[in-house]
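This report concerns only the one structure given below.
Only the coordinates and a few stated rules stand behind these numbers; no lab work does. Everything numeric in this text was worked out from a predicted model, so none of it was measured. Virtual Cβ from ideal backbone geometry, glycine too; neighbours counted across all protein chains shown.
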């Protein structure tokens, strides 16, 4: 069984902000799979399905970003899922908008949502799909930037990243994380724009 979690902040005020890239990607994945996140458990909206012969839980924690850990830990316990069978999708300020990175483990860095998860579950060994939202303008504070909304022109590059993230998650739950890393970790947005149809 797999747990796939998109990180973000709940509520309409945050829906289109950069910090909610994880939410946006998880919702896109659910749409691709013709699913609705209609169930509620462990302070999360979620849906259960089956892919590649395994059960998959898609979840959106309804806590704020820096309190994502307790919700994620609750889901792992409820569904008896090991952290190494979990995928977290989240925004990354250090990646350019339109790019993604796939990893099977690693430190949380400065991301408060990942820090909260690592603190709660006690391990850094879980898959993650990072969605680029950078670069931040030098004069702007990071907190202000991540809570700002994507412009209309930025949404084209965002869609490239969302499409890539969805494909990466689908590969991971098929047991193909190495292929996902090889496919996406070296591809910049200019290359991906040629390969993926853009449209919001």
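Just to be sure I understand, how many residues within region 131-162 are without any contact (Cβ under 8 Å) to a residue 60 or more places away in the chain and surrounded by 12 or more Cβ atoms within 10 Å (Cβ to Cβ)?
8
Failed condition for residue 97, given (1) without any contact (Cβ under 8 Å) to a residue 60 or more places away in the chain; (2) surrounded by 16 or more Cβ atoms within 10 Å (Cβ to Cβ), with all others met?
In the conditions (1) without any contact (Cβ under 8 Å) to a residue 60 or more places away in the chain; (2) surrounded by 16 or more Cβ atoms within 10 Å (Cβ to Cβ), residue 97 misses (1) alone.
Restricting to region 55-70, give me the number of residues that are free of Cβ contacts under 8 Å to residues at least 60 places away in the same chain and under 17 Å from residue 121 (Cβ atoms).
The total comes to 9.
Filter region 12-54 for residues that are free of Cβ contacts under 8 Å to residues at least 40 places away in the same chain and within 20 Å of residue 148 (Cα to Cα) and give the result.
Correct list: 12, 13, 15, 23, 27.
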